[in-house]
Amino acid sequence: MKHRIIPAVVFLLSIYIGYHATLSKVPNVMMKGAYERLSAGATPINDFSVPRMITDKNQTIVRPSPDLAYSVCLIDLSQGPIWVRGGKTEGYGSLTIFDMKSDVVIVKDLSDKNFTVKRSVLIGEGGFDVHGDKAIALIRRYAPNLESFERIKLEAKEDYCGPVKNQN
Amino acid sequence: MSKFGRILLYAILIILGLLIGAYTAWTGSAKIPSAEVGQRVFVGEWTADYSIGTSATDPKTRAMVARRGLLALPRSEAVYFTRTTDSDGQALREGCAYAMTGSTQMGSLWWSVTLYDQDDFLPRDAGNYSITVDQFEAAKDFSVSISKNGDLSTRNSGAFDLTLRLYKPSDWVISEPARLALPAVKRLTCEDGS
């Protein structure tokens, strides 16, 4: 009897460990994959990409919204903290910082008409902790048509993602 | 059994167990979360997870959100409702035509409905894969067709789903989601006659 119970327990325990170990790593694996795919797709490190609309031809992340213009900055803190700022936007807009566990570290409303919301954040030493040396900054702006997308391209000139000493 | 045989048996059992556990976790996390996972909200056939974007959720919810909603906004900015079935509970599929009707007022600054294929991407060459509230201007109600040549195109989508995004939701959308009146999706016809 003992010869059968022990192997069965070892087998079930292995399933349990494999299940929970994998589950806990899924967010990291997905974020790492997204970071690498975006990097391979010419998304800059410590700089915002120019805004772009997502279509069926250029989608790299699951379930993108085709009604938004996205600007992405791949944050790398290995050389020090990074300053991130989202330019104000006439329509809906938000700046979100994600850590590599896929958690939202901070989200900023860029459409605040009264300018009561500070639209810039310091990431890394002295600022927000992203629990590692990588993170993703994502700006979303509502772009229902070509006209609004042209406006957004001008608004995005105020976006900044880079070393603290260069921010202006 | 010899000592070598026992070691080999345990090694196989451990490796096999770890692989089965890993496979179950990976494939299971790609599914739409069930009622007991996260902070599930049900409004008719639409379901949402209000725990998206927070770190205070259990590992299973976090894995599911990472697989199906990576880089999603927290509920203060947007809530995401998804449906995979029509108003009769039948799975949404490419070969059928549907009518989606509802109120343009859904307790948010603006909203959109996007059609995703069975792999969670915008369907290839479909064209019309999203609608927004702005398309209906000041109208109180809206009605759109969902078919291969409809206002929302099902072309190349397979077993698709619809995602309704409510941006900058009102406080009551979070605290009392049962008050929401979300769009109905009625099946009209199917190519196979079903």
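The values are calculated or read from the model by the stated rules, or taken from the named source; none is laboratory data. The shown structure was predicted, so the numbers you read here are calculated from the model rather than taken from an experiment. All Cβ positions, even for glycine, are placed from backbone atoms using ideal geometry, and neighbour counts span all protein chains on display. These accessible areas exclude ligands, DNA and RNA; they are computed on the full protein's heavy atoms, side chains included. Shrake-Rupley method; radii C 1.70, N 1.55, O 1.52, S 1.80 Å.
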Unmet criterion (only one of (1) over 19 Å from B:Thr189 (Cβ atoms); (2) touching a residue at least 12 places away in the same chain (Cβ under 8 Å)) for B:Pro59: (2)
Strands (runs of 3 or more DSSP E) fully within region A:1-119 counting 2 or more residues that are aliphatic (A, V, I, L, M) and under 28 Å from B:Gly28 (Cα atoms): A:104-109
Residue within region B:58-72 that is of a type in the set (Lys, Arg) and in a strand (DSSP E or B) present: no
Test for A:Lys134: is it open to solvent by 40 Å² or more (accessible area, probe 1.4 Å), among the basic types (Lys, Arg) and modelled with pLDDT of 90 or more: yes
Any hit, region A:44-56, residues being at the interface with chain B (Cβ under 8 Å from one of its Cβ atoms) and of a type in the set (Val, Ile, Thr): yes
Single unsatisfied condition, A:Gly87 versus (1) surrounded by 15 or more Cβ atoms within 10 Å (Cβ to Cβ); (2) within 10 Å of chain B (Cβ to nearest Cβ); (3) of a type in the set (Gly, Ala, Ser); (4) over 14 Å from the mean Cα position of the chain (by Cα): (2)
Condition broken by B:Ile52, with the remaining ones in (1) within 12 Å of another protein chain (Cβ to nearest Cβ); (2) surrounded by fewer than 22 Cβ atoms within 10 Å (Cβ to Cβ) satisfied: (2)
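Okay, residues lined up against (1) over 17 Å from the mean Cα position of the chain (by Cα); (2) surrounded by 14 or more Cβ atoms within 10 Å (Cβ to Cβ):
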{"site": "B:Ala99", "(1), (2)": "yes, yes"}
{"site": "B:Gly107", "(1), (2)": "yes, yes"}
{"site": "B:Val113", "(1), (2)": "no, yes"}
{"site": "B:Asp117", "(1), (2)": "no, yes"}
{"site": "B:Gln135", "(1), (2)": "yes, yes"}
{"site": "B:Lys140", "(1), (2)": "yes, no"}
{"site": "B:Ser147", "(1), (2)": "yes, yes"}
{"site": "B:Trp172", "(1), (2)": "yes, no"}
Contacts under 9 angstrom Cβ, first residue in region A:138-152 being under 15 Å from B:Ile131 (Cα atoms) and open to solvent by 30 Å² or more (accessible area, probe 1.4 Å), partner small (Gly, Ala, Ser) and assigned to a strand (DSSP E or B), 6 or more apart: A:Pro144/B:Ser112
All strands (runs of 3 or more DSSP E) inside region B:73-150 with 2 or more residues being touching a residue at least 60 places away in the same chain (Cβ under 8 Å), within 14 Å of chain A (Cβ to nearest Cβ) and farther than 23 Å from B:Asp49 by Cα: none
Positions within region A:62-78 being small (Gly, Ala, Ser) and under 13 Å from the mean Cα position of the chain (by Cα), in sequence order: A:Ser71
Criterion violated by A:Lys134 - all others in (1) free of Cβ contacts under 8 Å to residues at least 60 places away in the same chain; (2) more than 11 Å from chain B (Cβ to nearest Cβ); (3) not hydrophobic (A, V, I, L, M, F, W, C) satisfied: (1)
Output for region A:1-37, where each listed residue is among the small types (Gly, Ala, Ser) and open to solvent by 30 Å² or more (accessible area, probe 1.4 Å): A:Ala8, A:Ala21, A:Ser24
